[in-house]
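Quick notes on the structure that follows.
The values are calculated or read from the model by the stated rules, or taken from the named source; none is laboratory data. What you are looking at is a predicted structure, and each value in this text was computed from that prediction instead of being measured. All Cβ positions, even for glycine, are placed from backbone atoms using ideal geometry, and neighbour counts span all protein chains on display. All accessible areas refer to the heavy atoms of the entire protein, side chains included, with ligands and DNA or RNA removed. Shrake-Rupley method; radii C 1.70, N 1.55, O 1.52, S 1.80 Å.
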Amino acid sequence: VGWSGKVLDASLLSGGMRRESCTVTNAALCCPPEKVTYKEYCDTLTQVWKRKVAAALRRGEAPPAPPVFPHIACAPRLARDVAESNGKVLLAVGKQALESLARDMNLPQGAAHVAPGEPYVASIAKQHGAPVIHRDGRVLMSSYHPAMAAPGRGRSEFLPLIQENLTRAAWVAAHDGFIPWKEPAYKLNPTAQEVLSFLRRLRNARIEVTADIESNGIDPYTSLIRCVGLGADFGDNKRDEQVMTVPLRHMDNSAWWPYDVGQEIGYALQGVFDHNPLVFQNGGFDTSMLLNRGLMTDRKKTWKDTMMYHHDTPDNDLPHDLGFIARRYFCLTMWKSDIDHKSTDNVNDAVLHRYNAQDVTVTKRLIGPLAQQVRHWGTERQVETDTKLGPILREMGHLGLVVDEKKRGEFSGMLNWRAQRELYQFREIIGDSKFNPR
């Protein structure tokens, strides 16, 4: 209802669904006291209960039963509403709605509770905009609640994101649960001959190559590279999409290839990374790893970077991880939380290689839409400058000129305070208290 209801109605309509065509219900029917968030209300109930338990134990009495939170009390009614709606597509608006629908659909919450590839629900921060396909064919979509970006809340930069998530869910519902994302046929366990043939084809074509590496750590100087993912579009119309994962080490860090074969593959990889135009997500880390392992030798070479491009769009104030950027442009299921730490405890070689190939595919498909956004908003010179700075900043780290995070935080706070002060003065001058110059 109210402002949030108007955002919901307009967004549904943009996706091809009228509100009267949907079943609209709530995870919890009662509201917390005024100016108290739902989480604060539940936390207060828990704290009061703990104090009562402690008092009862001191008196030698039986402790009282734990509180029943509204979303738990309302679970049977929510289950009835969902069943009666007979909907194939369900849209959770907000954190509590997502958690409640996940419980109702018997979907595990968190990737740690499922085998790779099995459906699960991540936190709202990671799940919003990404469909979850249930085993029974139903599709669960989710979005932040519009109230998060309501006037006066200070999170207005999230409003376009929320509107797009709601519109996407409506589009999926209007198309009977169809998810418009198709992965290419990955080459995940290639022979040495297939690897060398693919690398020669890339080198000879001199086409743009998207790359991603998986390592056994985050230190580019001591970590080992387990595999390198490569993707490119061949042909005149660039419709021949090829993605291959080149294994270098097993999950136990043992070498994948015999020594002489590994040397030949490494030399061929070096030829591609030194001579082909490159695309990365956060290429500073990947190129540092490649240089330190001798798979790349040109320390001055620049690359296109999806994270860098995303910074130079109106999404600058939002997160820049690959999963978030992907959900801004594509309707695809979650894959980034499938592998938390890529350790031998939760991942084998096959799972890691598929994860690597998915990263390459998403990064490769993102660079085009991001470049269009840069052209649309006229930030080409920003991207040009940032691209030139990429290898310079990486080399600063290589020389030991690392960022003091504590000092950077202090400077960031000072800059934000100055920017906020200027913003208020700017709004006073133009007479619009809500204008966003970003």
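Would you confirm whether any residue within region 415-437 is touching a Leu at 6+ places or on another chain (Cβ under 8 Å) and either in a loop (DSSP other than H, G, I, E, B) or surrounded by 10 or more Cβ atoms within 10 Å (Cβ to Cβ) (or both)?
yes
Quick one: in region 144-168, of everything that is over 13 Å from R328 (Cα atoms) and part of a helix (DSSP H, G or I), which residue is farthest from the chain's Cα centre (by Cα)?
If we take residues in region 144-168 being over 13 Å from R328 (Cα atoms) and part of a helix (DSSP H, G or I), then A147 is farthest from the chain's Cα centre (by Cα).
Please find, within region 315-350, the residue that is least open to solvent (accessible area, probe 1.4 Å) out of those that are modelled with pLDDT of 90 or more and over 14 Å from the mean Cα position of the chain (by Cα).
The selected residue is D349.
State the number of residues belonging to region 366-384 that are buried (at least 20 other Cβ atoms within 10 Å of the Cβ) and either within 30 Å of G110 (Cα to Cα) or of a type in the set (D, E) (or both).
Matching residues across region 366-384 total 2.
On the given criteria, is A111 at pLDDT below 95 and either touching a strand residue (DSSP E or B) at 6+ places or on another chain (Cβ under 6 Å) or of a type in the set (G, A, S) (or both)?
Considered against the rule, which asks whether it is at pLDDT below 95 and either touching a strand residue (DSSP E or B) at 6+ places or on another chain (Cβ under 6 Å) or of a type in the set (G, A, S) (or both), A111 comes out as yes.
Can you spot a residue in region 280-294 that is part of a helix (DSSP H, G or I) and open to solvent by 30 Å² or more (accessible area, probe 1.4 Å)?
yes
Examine region 316-327 for a residue that is small (G, A, S) and without any contact (Cβ under 8 Å) to a residue 24 or more places away in the chain, and state whether such a residue exists.
The answer is no; no qualifying residue exists.
Among the candidates A55, A97, which residue alone is part of a helix (DSSP H, G or I), touching a residue at least 60 places away in the same chain (Cβ under 8 Å), surrounded by 12 or more Cβ atoms within 10 Å (Cβ to Cβ) and not basic (K, R)?
On the way: A55 fails: touching a residue at least 60 places away in the same chain (Cβ under 8 Å).
Selected residue: A97, the only one of A55, A97 that is part of a helix (DSSP H, G or I), touching a residue at least 60 places away in the same chain (Cβ under 8 Å), surrounded by 12 or more Cβ atoms within 10 Å (Cβ to Cβ) and not basic (K, R).
Yes or no: region 299-314 includes at least one residue that is of a type in the set (D, E, K, R), assigned to a helix (DSSP H, G or I) and surrounded by 14 or more Cβ atoms within 10 Å (Cβ to Cβ). Break it down into steps so the answer makes sense when it comes.
At the first step, the residues of region 299-314 found to be of a type in the set (D, E, K, R) are 299-301, 304-305, 312.
Pick out the ones that are also assigned to a helix (DSSP H, G or I) and you get none.
For region 299-314, residues of a type in the set (D, E, K, R), assigned to a helix (DSSP H, G or I) and surrounded by 14 or more Cβ atoms within 10 Å (Cβ to Cβ): absent.
Considering R375, R381, R394, which residue is within 28 Å of L291 (Cβ to Cβ), assigned to a helix (DSSP H, G or I), of a type in the set (K, R) and modelled with pLDDT of 95 or more?
One residue alone meets the criteria, R381.
Kindly indicate whether any position in region 2-10 is among the polar types (S, T, N, Q) and surrounded by fewer than 12 Cβ atoms within 10 Å (Cβ to Cβ).
Checked against the condition, which is being among the polar types (S, T, N, Q) and surrounded by fewer than 12 Cβ atoms within 10 Å (Cβ to Cβ), region 2-10 yields no hits at all.
Taking D219 and the conditions (1) among the charged types (D, E, K, R); (2) modelled with pLDDT under 95; (3) outside any loop (DSSP other than H, G, I, E, B), which numbered condition does it fall short on, given that it satisfies the others?
Answer for D219: the failing condition is (3).
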